[in-house]
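Engineer: Just dropping this structure here.
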Amino acid sequence: MKKVNKLVFLSSFFKRIPKIPFRVSKREKTFIIGGAAVFFLILAYHSVFNPIMDRERNIRDEIAVKGKILARYQNVAKTKSQLERTINHLKLRLKNVENKLLDGNNPSLAAANLQEIIKQISSRSGISITSVRVLSSSSIDMYTEIPVRVETQGTIAGVKNLLYEIQNYPKLLVLKEMNIYVPRSPRSRRPTKTSQSTANFRTGLVVMGFIK
């Protein structure tokens, strides 16, 4: 019943539309229909297709930009892993170096520790210490140099052993200065290898250690 009512309404509506006062040929009708079709196509292109294409272009540009950003982040991630490996390696080296620092958290305690070390290695080397004097400390970046001047007496073999002990001691020791005073021999006697090896040499050493 509703469908019948709709048809009746539509037929009465089209009957009320005034008819065109002039006749239109088939050819003209074709042109009109074609023009209307072209008009609607242009209208559809500008109102529907053009926005869709613009949106697609924007999406492509956005994807390209995000792809570049992603590539940059990937490069940063690769660099980060390399930097982390380098930092870990440097931390390990730093830890090994700091394990070789003198005991004591101030220059006075560190100087006392260095004097004790020098006494130990001098005793092992067969060198006797005649005097020890603590010199002024100085800072280098985050570390402090602790220098000690030592006067020793012993044979050339003992001096050689002392230098070896300083160089290979578990703590980080640096020989900053060294003076050797050769004993004078009598004019009537020329020094021999035996006399040189058994002669007592006086040495003046400046040995440095470090604290943080």
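Values quoted throughout were computed directly from the atomic coordinates according to the rules given, and no laboratory measurement underlies them. Note that this is a predicted model, so its numbers are computed, not measured. Using ideal geometry, Cβ is built from the backbone for each residue, glycine included, and neighbour counts are taken over all protein chains shown.
Engineer: For every other residue with a beta carbon closer than 13 angstrom to the beta carbon of residue 63, add +1 if it is Lys or Arg and -1 if Asp or Glu, then tell me the sum.
Structural biologist: +2
Engineer: To continue, here is another question. At R0 = 41 Å, how high is the FRET efficiency between residue 131 and residue 90 if r is their beta carbon distance? Nearest 0.05 is fine.
Structural biologist: Working: r = 40 Å, r/R0 = 0.98.
FRET efficiency, residue 131 to residue 90: 0.50.
Engineer: Taking θ = phi - 60°, what integer Hz values does the Karplus form 6.51 cos²θ - 1.76 cosθ + 1.60 yield along region 126-135, in sequence order, with x for Gly and Pro?
Structural biologist: Running phi through 6.51 cos²θ - 1.76 cosθ + 1.60 with θ = phi - 60° gives x, 10, 9, 8, 9, 7, 9, 9, 7, 8 Hz.
Engineer: To the nearest 20 debye, what is the magnitude of the charge dipole of region 69-191 about its Cα centre, counting +1 on the Cβ of each Lys and Arg and -1 on the Cβ of each Asp and Glu?
Structural biologist: It works out to roughly 500 debye.
Engineer: Can I ask one more? What list do you get for 178, 208 if you sort them by fewest beta carbons within 10 Å?
Structural biologist: 178, 208
Engineer: Add +1 for every Lys or Arg and -1 for every Asp or Glu among the other residues with Cβ under 15 Å from the Cβ of residue 99, and state the total. If you can, show how the numbers build up before the last one.
Structural biologist: Numbers: positive: 91, 93, 95, 100, 171, 212; negative: 98, 103.
Neighbourhood net charge equals +4.
Engineer: Of the listed peptides 67-77, 128-138, 152-162, what is their order by residue-averaged count of other C-beta atoms within 10 Å, with the highest listed first?
Structural biologist: 152-162, 128-138, 67-77
Engineer: Which of 98, 145 has the fewest other C-beta atoms within 10 Å, and how do the rest follow up to the most? Write down the numbers at each step before the final one.
Structural biologist: Working: 98 13, 145 18.
With the fewest neighbours first, 98, 145 line up as 98, 145.
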